[in-house]
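Okay, so here's the structure we're looking at.
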Amino acid sequence: MRRLTILLILLGAMQFVLPLDGATSGTGAGGTRTLMTFGFLILAAVTVGELAKAINVPKLVGYLVAGLVFGPHVIGVFDRQSVTDLAGVSTLAVALIAFLAGAELQWEELKRRWRVILTMLASEMVASLIAITVTLFLLRAFVPALSGPIGQAFVLCLLVASILVVHSPAVTMALLSETGAKGEMARTTLGIVLVADMVVILLFSLTTSLARAVGAETTVVDTSFALLMWEIFGGILIGAILGGLVSLYLRWQTGELFIFAIAVALFGVELAKAAHVETLIMLLTAGFVMENLSRGRGEILRHAMERSAAPVFVVFFALAGAKIVPSEVLALSAVAIPVVLARMLGIWRGSLLGAKWSNAVPAVRDHAWKGLISQAGVAIGLATVLATNLPGIGRSLQALILSVIAINEMMGAIFFRRGIEAAGEMPSEENRPSGAVMNPLDPAANSARVV
């Protein structure tokens, strides 16, 4: 009841304050509205997250629901312009997630798990790619964009499937932070998710080229192999240099890391843009190199970054929920739901097969697939690229992809949490760390992690 009362007070406050902002003259009024929306999203999402926790649902699902319900497509407490104005928050969140994800990987762990990670990744990705492509092809009569010649329709189905096989580092990192899970299943899942992003970028580029070859009109200017290689391997090279510089800094200076953590993420985003490399890969590499070269000091920066990222992560997931259009999801549900189920089946059977081939431990074999269902940032970004590169049909394919992502985004976090519990890797409350997403508004809890 207390949480519901807080929500009602927040809603009442926004209804009272927003008209005052609209009446404000002069410059800066839009910025004031954006700041109010940012503050509202933090408070409302955390409140709904606590309500979700009370019914044993991951908090980040509550954040997504808060953004959906209070966003422009349902109640409309804030509008689409506010979502657009807060795009920088999402950019910063992706940068922080990538750096933190890399910093969670230890070289010794990777050496021990590389065979399991690569085998399971290959088998589950191939299985889900086939399952999604076949399902879309069989249901192409319900998707006008796929009504062309059979050969072209099949390639377009393959192109859409190449996007939908992607996973979500954001959701994976958020759940690991919320739960504090560090067991074999959790760490293996994280490795699969991170490596998958690089594979998907290559796969999407190849299928886009194939779509052009069979006559699907595209507006891609330059997708040369050399450029693609630079985006990936150039990102690894520059990320390694950045990570090395950060590790050197940590050997000499460990103060004021709260601000330094944000500065590293923002600098990384701008550096990736200037160098024309993949931001996610570059910052992931930077985090990995920093952690493994800093001689144990990387943990200090990681905790500082988690503290600074706390409100950013909450708003990131709330904004992701605000972008879900319920009417589109419902309109495309006849295709989206079978695709979701086919993808889930492919991930499950493919992961099981890969785990058997690599002799993975039972916890990984039986439950790692549950952490591979969620989707978010990378898939949404690729869907946007698809819409741009395929004039005419791209927008309808994007709507279908976003509908599938919306369902997986909600389901994925729940499945992963259930998988962590079933694998016996859920820490007890007294041993659970105060992660960045668990207690985003509790400075005392978060600051306790900075040593």
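Tally time: how many residues in region 147-161 are without any contact (Cβ under 8 Å) to a residue 60 or more places away in the chain and closer than 15 Å to L386 by Cβ?
Looking only at that region, the number is 3.
Does any residue of region 240-257 turn out to be among the small types (G, A, S), in contact with a Lys or Arg (Cβ under 8 Å, 6 or more places away or on another chain) and either assigned to a loop (DSSP other than H, G, I, E, B) or over 21 Å from A376 (Cβ atoms) (or both)?
Yes - at least one qualifying residue is present in region 240-257.
Could you check region 25-46 and list, in sequence order, the residues that are under 18 Å from A87 (Cα atoms) and either surrounded by 15 or more Cβ atoms within 10 Å (Cβ to Cβ) or modelled with pLDDT of 75 or more (or both)?
R33, T34, L35, M36, T37, F38, G39, F40, L41, I42, A45
Of all residues in region 157-188, how many are touching a Gly at 6+ places or on another chain (Cβ under 9 Å), within 18 Å of A103 (Cα to Cα) and not hydrophobic (A, V, I, L, M, F, W, C)?
9
Can you say whether L301 is on the phi < 0 side of the Ramachandran plot, in contact (Cβ under 8 Å) with a residue 12 or more places away in the chain and open to solvent by less than 50 Å² (accessible area, probe 1.4 Å), as far as the supplied structure shows?
Details: on the phi < 0 side of the Ramachandran plot: yes; in contact (Cβ under 8 Å) with a residue 12 or more places away in the chain: yes; open to solvent by less than 50 Å² (accessible area, probe 1.4 Å): yes.
Taking the combined requirement at face value, the residue satisfies it.
For A263, all conditions in the list (1) open to solvent by 40 Å² or more (accessible area, probe 1.4 Å); (2) assigned to a helix (DSSP H, G or I); (3) over 30 Å from F38 (Cα atoms) hold save one; what is the number of the exception?
Checking A263 against (1) open to solvent by 40 Å² or more (accessible area, probe 1.4 Å); (2) assigned to a helix (DSSP H, G or I); (3) over 30 Å from F38 (Cα atoms), the one that fails is (3).
Applying the selection to region 414-438, what residues are modelled with pLDDT of 85 or more and assigned to a helix (DSSP H, G or I)?
Matches in region 414-438: I414, F415, F416, R417, R418, G419, I420, E421, A422.
Looking only at region 362-383, filter to residues that are over 15 Å from the mean Cα position of the chain (by Cα) and open to solvent by 10 Å² or more (accessible area, probe 1.4 Å); which one of those is farthest from A95 (Cα to Cα)?
Restricting attention to region 362-383, the residues satisfying the condition of being over 15 Å from the mean Cα position of the chain (by Cα) are 362-370.
Among the residues that remain, those that are also open to solvent by 10 Å² or more (accessible area, probe 1.4 Å) are: 362-363, 365-367, 369-370.
On the way: P362: 33, A363: 30, R365: 31, D366: 31, H367: 28, W369: 25, K370: 25 Å.
Step by step, filter region 362-383, then rank; the result is P362.
Would you check if I420 is in contact with a Pro (Cβ under 7 Å, 6 or more places away or on another chain) and either open to solvent by less than 30 Å² (accessible area, probe 1.4 Å) or not hydroxyl-bearing (S, T, Y) (or both)?
On the way: in contact with a Pro (Cβ under 7 Å, 6 or more places away or on another chain): no; either open to solvent by less than 30 Å² (accessible area, probe 1.4 Å) or not hydroxyl-bearing (S, T, Y) (or both): yes.
In short, no.
Is it the case that region 282-294 has a residue that's open to solvent by less than 10 Å² (accessible area, probe 1.4 Å), modelled with pLDDT under 85 and among the hydrophobic types (A, V, I, L, M, F, W, C)? Break it down into steps so the answer makes sense when it comes.
In the first step, residues of region 282-294 are kept if they are open to solvent by less than 10 Å² (accessible area, probe 1.4 Å); the result is 282-283, 286-287, 290, 294.
This time we only want the ones that are modelled with pLDDT under 85, so: 294.
Applying the additional criterion that residues be among the hydrophobic types (A, V, I, L, M, F, W, C) yields none.
The answer is no, given that none of the residues of region 282-294 is open to solvent by less than 10 Å² (accessible area, probe 1.4 Å), modelled with pLDDT under 85 and among the hydrophobic types (A, V, I, L, M, F, W, C).
When region 125-168 is examined, which residues are found to be more than 24 Å from F415 (Cβ to Cβ), open to solvent by less than 50 Å² (accessible area, probe 1.4 Å) and of a type in the set (S, T, N, Q)?
Quick first cut of region 125-168, residues more than 24 Å from F415 (Cβ to Cβ) only: 137-138, 140-159.
From the residues that got through so far, the ones that are open to solvent by less than 50 Å² (accessible area, probe 1.4 Å) too are 137, 143, 145-146, 148, 151-153, 155-159.
Q152 - this is the single residue of region 125-168 that is more than 24 Å from F415 (Cβ to Cβ), open to solvent by less than 50 Å² (accessible area, probe 1.4 Å) and of a type in the set (S, T, N, Q).
Being outside any helix (DSSP H, G or I) and among the hydrophobic types (A, V, I, L, M, F, W, C) is the requirement here; does V195 meet it? It would help to see each step written out before you state the result.
On the way: outside any helix (DSSP H, G or I): no; among the hydrophobic types (A, V, I, L, M, F, W, C): yes.
Taking the combined requirement at face value, the residue does not satisfy it.
Tally time: how many residues in region 327-370 are in a loop (DSSP other than H, G, I, E, B) and over 22 Å from C157 (Cα atoms)? Step through it out loud before you land on a result.
Step one: list which residues in region 327-370 are in a loop (DSSP other than H, G, I, E, B), which gives 332, 358-361.
In the following step, the residues that additionally are over 22 Å from C157 (Cα atoms) were identified as 358-361.
Residues flagged as in a loop (DSSP other than H, G, I, E, B) and over 22 Å from C157 (Cα atoms) within region 327-370 amount to 4.
Of everything in region 51-82 that's open to solvent by 20 Å² or more (accessible area, probe 1.4 Å) and assigned to a helix (DSSP H, G or I), which residue is farthest from A406 (Cα to Cα)? Don't jump to the end; show me each part of the working.
Taking region 51-82 and keeping what is open to solvent by 20 Å² or more (accessible area, probe 1.4 Å), we get 51, 53-57, 65, 68-69, 72-76, 79-81.
After this cut, where a residue has to be assigned to a helix (DSSP H, G or I) as well, the list is 51, 53-54, 65, 68-69, 80-81.
On the way: L51: 21, K53: 20, A54: 23, V65: 11, L68: 10, V69: 14, R80: 17, Q81: 20 Å.
Going through the qualifying residues, I end up with A54.
Tell me which of these I324 doesn't satisfy, since it passes every other one: (1) open to solvent by less than 60 Å² (accessible area, probe 1.4 Å); (2) part of a helix (DSSP H, G or I); (3) not basic (K, R).
Status for I324: all satisfied but (2).
Go through V277, V221 for me and flag whichever is assigned to a loop (DSSP other than H, G, I, E, B) and at pLDDT 80 or above.
Being assigned to a loop (DSSP other than H, G, I, E, B) and at pLDDT 80 or above holds for just one of V277, V221, which is V277.
The values are calculated or read from the model by the stated rules, or taken from the named source; none is laboratory data. These numbers come from a predicted model, not from an experiment. Reconstructed Cβ throughout: ideal geometry from the backbone, glycine too, with neighbour counts over all protein chains shown. Only protein heavy atoms, including side chains, enter the accessible area calculation; ligands, DNA and RNA are left aside. Shrake-Rupley method; radii C 1.70, N 1.55, O 1.52, S 1.80 Å.
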